[in-house]
1. What's the number of the only condition in (1) open to solvent by 20 Å² or more (accessible area, probe 1.4 Å); (2) at pLDDT below 95; (3) of a type outside the set (V, I, T) that E65 fails to meet?
2. Can you pull out the residues in the range 275-308 that are out of contact with any His (no Cβ under 8 Å at 6 or more places or on another chain) and among the β-branched types (V, I, T)?
3. I'd like to check something: does the range 39-47 contain any residue that is of a type outside the set (F, W, Y), free of Cβ contacts under 8 Å to residues at least 24 places away in the same chain and closer than 24 Å to I283 by Cβ?
4. Regarding E219, is this residue modelled with pLDDT of 70 or more and loosely packed, with under 11 Cβ neighbours inside 10 Å?
5. Being among the charged types (D, E, K, R) and assigned to a strand (DSSP E or B) is the filter here; which residues of the range 363-385 pass it?
6. Among the numbered conditions (1) touching a residue at least 12 places away in the same chain (Cβ under 8 Å); (2) under 14 Å from D434 (Cα atoms); (3) surrounded by fewer than 16 Cβ atoms within 10 Å (Cβ to Cβ), tell me where P383 comes up short.
7. Output the residues belonging to the range 68-121 that are assigned to a helix (DSSP H, G or I), surrounded by fewer than 16 Cβ atoms within 10 Å (Cβ to Cβ) and among the small types (G, A, S).
8. Could we say that E388 is farther than 30 Å from L137 by Cβ, among the acidic types (D, E), in contact (Cβ under 8 Å) with a residue 24 or more places away in the chain and part of a helix (DSSP H, G or I) here?
Amino acid sequence: MGTMTKPQYKGKRYRLDKPELLAPAGNLEKLKFAVHYGADAVYIGGQKYGLRSGADNFSFEEMREGVEFAKKYGAKVFVATNIYAHNEDIAGIEEYLRNLYEAGIAAIIVADPAIVDTARRLVPGLEVHLSTQQSTLNWQAVSFWKEEGLPRVVLGRETSLEEIAEIKQHVDIEIESFIHGAMCSSYSGRCVLSNHFTDRDSNRGGCCQSCRWKYDLFEDARPEGTWVSEEEQAMTPLPLQPGVTQLPLHQPEDNQFSMGSKDLCMLESIPDLIEAGIDSFKIEGRMKSIHYVATVVNAYRKAIDAYMADPEGYVLKPEWLEELQKAANRPLNTGFFYDTPDHEDHIYEPEEKAAPYDFAGLVLEYDAVNGTALIQQRNHFKPGQEVEFFGPDNTFFKQTVGELWDEAGQPLDAARHPLQKVRMKVDQPVAYFDMMRKKK
């Protein structure tokens, strides 16, 4: 992890008395898990105008259900409306914004000034937060957006912690920063590799993550001055004249490389983030799994609450970091917060295997008399396997799966059917929405 002098400035909070934990929700089920596991707010995508066209995204009916659910737990729902709009995108924006407001959405996250202006004029009760897509990095730019009436700016991922502290000194406004998740290997929000390779527009929701692909490098060994047609230039690798070969810039035993960045993780730096005055801690990952969302939110929730309860006596618990590793898909680093990332902060080898744990089951009921739980199957498990239970109310223990029964009390040799409900003995009390996971 990088090092720096801690900010001397104790950041004022614009409207919040402690940092908001903002979680991703790619669908309604993920929203419920994020809220149950400690998110103060969630951000989702509608079926238009967002940058995650590959996520399930929300209908207006699902948004209303999500808002109603979140309110029961004191949480808010934001909608990413952060495309850079072309002329044809503008036609339906007014109706869309009215529907968001009527659904009870607390705020929209916007990059395009045209959508900012339309929202403030049409639905003034719907908050507008400036998207990270605007790559806002300095206090003068933040001041501009405050004067435009925006209560919150989501800073570019390239902003350092010292720069954030300086912004908070100059501008009394809410600052939201990404503190965990995937990083763009390009300047965030400015990549057009996807457009070039697949004709899918990164800034209109279609990014195919070209940087995560595997690549070989070759040197064009044509004699100098060789004419190459446009068709040949468009092909990869380039065809060569008879008798002329390509020169590979790697050895046969070398792995193909990607350009992927390591993932961001700031769990070890919670005190620095809070002292710098960041108002909202944002977790990336609307397309990540339920297990990922619940695990990451749970770890940050515990760390934030522990620091706010006793700043002077705060100690990072190793088990919080261990939990994150169970959901990590890539190696982790601290992004731009302390230092500018260099070659050591990128992944050039084939990516490591996905997280070593699978979401195996969801606790639906607990019978304290018999010490059994009703589990909804999410991945195959069977007697004899070791599993872990964890939950938002400090549930955490390991045990071996014993006998399994179906809802009629008949014995089972495995929980093999998706969403199958099974009963099993548990070694400790569990609660609704606790999760059971297993090693892959």
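1. Failing condition for E65: (2).
2. I278, I290, V293, T295, V297, I304
3. Going through the range 39-47, the residues of a type outside the set (F, W, Y) turn out to be 39-42, 44-47.
So of that shortlist, the ones also free of Cβ contacts under 8 Å to residues at least 24 places away in the same chain come out as 47.
Within this subset, residues satisfying the condition of being closer than 24 Å to I283 by Cβ are 47.
So far as the range 39-47 goes, yes, one or more of its residues are of a type outside the set (F, W, Y), free of Cβ contacts under 8 Å to residues at least 24 places away in the same chain and closer than 24 Å to I283 by Cβ.
4. Values: modelled with pLDDT of 70 or more: yes; loosely packed, with under 11 Cβ neighbours inside 10 Å: yes.
The answer is yes for E219.
5. From the range 363-385, those among the charged types (D, E, K, R) are 365, 367, 378, 382; that's our starting set.
Matches in the range 363-385: E365, D367.
6. Only one criterion in (1) touching a residue at least 12 places away in the same chain (Cβ under 8 Å); (2) under 14 Å from D434 (Cα atoms); (3) surrounded by fewer than 16 Cβ atoms within 10 Å (Cβ to Cβ) is unmet by P383, namely (2).
7. Correct list: A114 only.
8. Values: farther than 30 Å from L137 by Cβ: yes; among the acidic types (D, E): yes; in contact (Cβ under 8 Å) with a residue 24 or more places away in the chain: yes; part of a helix (DSSP H, G or I): no.
It is false that E388 is farther than 30 Å from L137 by Cβ, among the acidic types (D, E), in contact (Cβ under 8 Å) with a residue 24 or more places away in the chain and part of a helix (DSSP H, G or I).
The values are calculated or read from the model by the stated rules, or taken from the named source; none is laboratory data. Since this is a predicted model, take the numbers as computed values, not measurements. Here the Cβ is made from the backbone with ideal geometry for all residues, glycine too, and neighbour counts use every protein chain on show. Ligands, DNA and RNA are stripped out before the accessible areas are found, and what is left, the full protein with its side chains, is counted by its heavy atoms. Shrake-Rupley method; radii C 1.70, N 1.55, O 1.52, S 1.80 Å.
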